[in-house]
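The values are calculated or read from the model by the stated rules, or taken from the named source; none is laboratory data. Fair warning: this is a prediction, and the values are worked out from it, not measured in the lab. Cβ sites come from the backbone with ideal geometry, for glycine too, and all protein chains shown count toward neighbours. Heavy atoms of the whole protein, side chains included, go into the accessibility calculation; ligands, DNA and RNA do not. Shrake-Rupley method; radii C 1.70, N 1.55, O 1.52, S 1.80 Å.
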Amino acid sequence: MVLLLVILIPVLVSSAGTPARYEMLGTCRMVCDPYGTKSPSSTAAAHTVRDGGVAQSTPTFIQGPKGETGRPGKAGPMGPPGEPGPTGSSGPPGEKGEPGRPGLPGPPGPRAAAGAISAATYTTVPKIAFYVGLKKQHEGYEVLKFDDEVTNLGNHYDPNTGKFTCSIPGIYFFTYHVLMRGGDGTSMWADLCKNNQVRASAIAQDADQNYDYASNSAVLHLEPGDEIYIKLDGGKAHGGNNNKYSTFSGFIIYAD
């Protein structure tokens with residue numbers, strides 16, 4: 001039976017058309033190499049291992065050619081932040097910005113001179129105004145004392161002297177209307193004066209009527225202590241008891 005197997009195995013392998021190598025191991029075993037990878041001329045040495053009378057041959061592998069370079073791998077995770085770099089050079093100056101908001105009010109200024117009121121203490125235009133009438137008759141060359149007070153805000157007009165005295169520097173407006181008492185063919189002159197200097201004049205003439213008006217007005221800049229009044233420069237001024245035929249008025253326009 002054993003002999004029959006020994007004869008049939010080579011025949012079957014040969015009939016399959018595949019070159020094969022086989023070795024006899026002992027009396028009953030053989031090792032087949034159906035792929036024929038080993039040749040007698042191979043320089044690799046075959047190691048024979050004895051195991052219970054069976055000899056085994058270890059195969060020898062030949063290194064092939066180097067393969068192509070693989071595809072790049074995916075990006076790895078982000079590393080830790082690096083150290084801060086050195087400070088760069090200063091850039092060019094930027095454009096001019098918008099004006100800032102108004103600052104806080106400053107400290108109070110020095111005290112004003114005696115008899116004057118500083119305009120810096122006012123947040124609005126000071127309340128200074130007067131309107132007075134003439135009760136008594138006047139003639140010749142004298143200051144007209146308008147003694148009928150209607151309005152005197154701030155009490156800057158004195159009916160005893162007929163003069164307005166400035167205490168707050170600024171721009172003021174003044175006007176006057178003086179009725180001439182005629183009938184005798186004379187004329188009347190009335191001047192608005194500032195510190196003995198004429199700043200406005202008016203004349204009334206007695207022609208075909210007994211009464212005429214002398215009127216004028218002025219806008220003046222005043223300093224503390226300046227005086228404004230109406231002076232009769234010849235002729236007769238008509239009073240009017242409480243009728244106010246002749247009047248004198250003024251008020252501040254704005255303070256310095």
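Would segment 148-161 turn up any residue that is in a loop (DSSP other than H, G, I, E, B) and in contact (Cβ under 8 Å) with a residue 40 or more places away in the chain?
Yes, the conditions are met somewhere in segment 148-161.
When the residues of segment 216-231 are filtered to those that are more than 51 Å from the chain's Cα centre (by Cα) and crowded, with 20+ Cβ neighbours inside 10 Å, which remaining residue is modelled with the lowest pLDDT?
Result: 230.
Taking segment 164-189 only, how many residues are modelled with pLDDT of 90 or more, open to solvent by less than 50 Å² (accessible area, probe 1.4 Å) and not in a loop (DSSP other than H, G, I, E, B)? Spell out how you get there, then give the answer.
Within segment 164-189, the first condition is being modelled with pLDDT of 90 or more, and the residues that meet it are 164-178.
Filter once more, keeping what is open to solvent by less than 50 Å² (accessible area, probe 1.4 Å): 164, 166-172, 174-176, 178.
Filter once more, keeping what is not in a loop (DSSP other than H, G, I, E, B): 164, 170-172, 174-176, 178.
Final tally of qualifying residues: 8.
Starting from segment 223-251, take each residue that is closer than 15 Å to residue 150 by Cβ and assigned to a strand (DSSP E or B) and list its partners that are open to solvent by 60 Å² or more (accessible area, probe 1.4 Å) and among the aliphatic types (A, V, I, L, M), counting only C-beta distances under 9 angstrom and pairs at least six apart or across chains.
Filtered contacts from segment 223-251: 247/150; 249/150; 251/153.
Filter segment 194-215 down to the residues that are in a strand (DSSP E or B) and under 51 Å from the mean Cα position of the chain (by Cα), then identify the one that is surrounded by the fewest Cβ atoms within 10 Å (Cβ to Cβ). Outline the logic, then answer.
So in segment 194-215, the residues in a strand (DSSP E or B) come out as 194, 197-205, 211-215.
Imposing the further condition that a residue be under 51 Å from the mean Cα position of the chain (by Cα) reduces the set to 194, 199-200.
Details: 194: 20, 199: 15, 200: 19.
Among them, the one singled out is 199.
Tell me which residues, restricted to segment 136-163, are modelled with pLDDT under 90 and among the basic types (Lys, Arg).
Of everything in segment 136-163, just one residue is modelled with pLDDT under 90 and among the basic types (Lys, Arg), namely 136.
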